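Please read the structure below before turning to the comments.
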Amino acid sequence: MRTTTRSGLAVVAAGVATALVAWAVIRLLGVDLTLKADAGMSQVGAVDVLLASLVAGLAAWGVYALLARWRRTRWWPLIGSTALAISITGPSYLADGISAVSLICLHILVGVVLITGFMRAVPRPSHPADQALGYRPSRG
């Protein structure tokens, strides 16, 4: 398996693990993560968190891979943070009170792990603009 593949899998796994640990901590604090649904309220469980963070991680990896192919990895922080901001709108509209705050925190934690993880762990082609922004190619 190539280093890039291992690094990408590691970043996705770190995002999933972060989401599950944060969900467990939120639940241990006694917060019920509920969403408003058409037919009432819906609980956010561990499987929901696992699947959502896995899909987000794989999507992030795919976007980063496309950017790397086009030698545009310097755009990754902007694209990743924009996707994170858009994803926060879901809990903002679908949850209330502490559930909304907790779900937004989950989104931010996973987003930060994925954005910084792909910036650091996955080798990127050297490009003058990347070097001007201070990015250093990863060893691997």
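The values are calculated or read from the model by the stated rules, or taken from the named source; none is laboratory data. Quick caveat: nothing in here was measured; it's all calculated off a predicted structure. Because the Cβ atoms are built from the backbone with ideal geometry, glycine has one as well, and the counts that use them run over all protein chains shown. Heavy atoms of the whole protein, side chains included, go into the accessibility calculation; ligands, DNA and RNA do not. Shrake-Rupley method; radii C 1.70, N 1.55, O 1.52, S 1.80 Å.
Summary table below
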| item | result |
| --- | --- |
| Within the range 22-53, considering residues that are within 17 Å of the chain's Cα centre (by Cα) and not hydrophobic (A, V, I, L, M, F, W, C), the one most open to solvent (accessible area, probe 1.4 Å) | Asp48 |
| Any hit, the range 54-77, residues being open to solvent by 50 Å² or more (accessible area, probe 1.4 Å) and within 16 Å of Ser102 (Cα to Cα) | no |
| Residue check for Gly8: modelled with pLDDT of 90 or more, more than 17 Å from Pro91 (Cβ to Cβ) and either in contact with a His (Cβ under 8 Å, 6 or more places away or on another chain) or open to solvent by less than 60 Å² (accessible area, probe 1.4 Å) (or both) | yes |
| Some residue of the range 122-132 being at pLDDT 85 or above and of a type in the set (A, V, I, L, M) | no |
| Filter result for the condition that a residue is open to solvent by 30 Å² or more (accessible area, probe 1.4 Å), closer than 28 Å to Leu35 by Cβ, polar (S, T, N, Q) and modelled with pLDDT under 95, over Ser81, Ser92 | Ser92 |
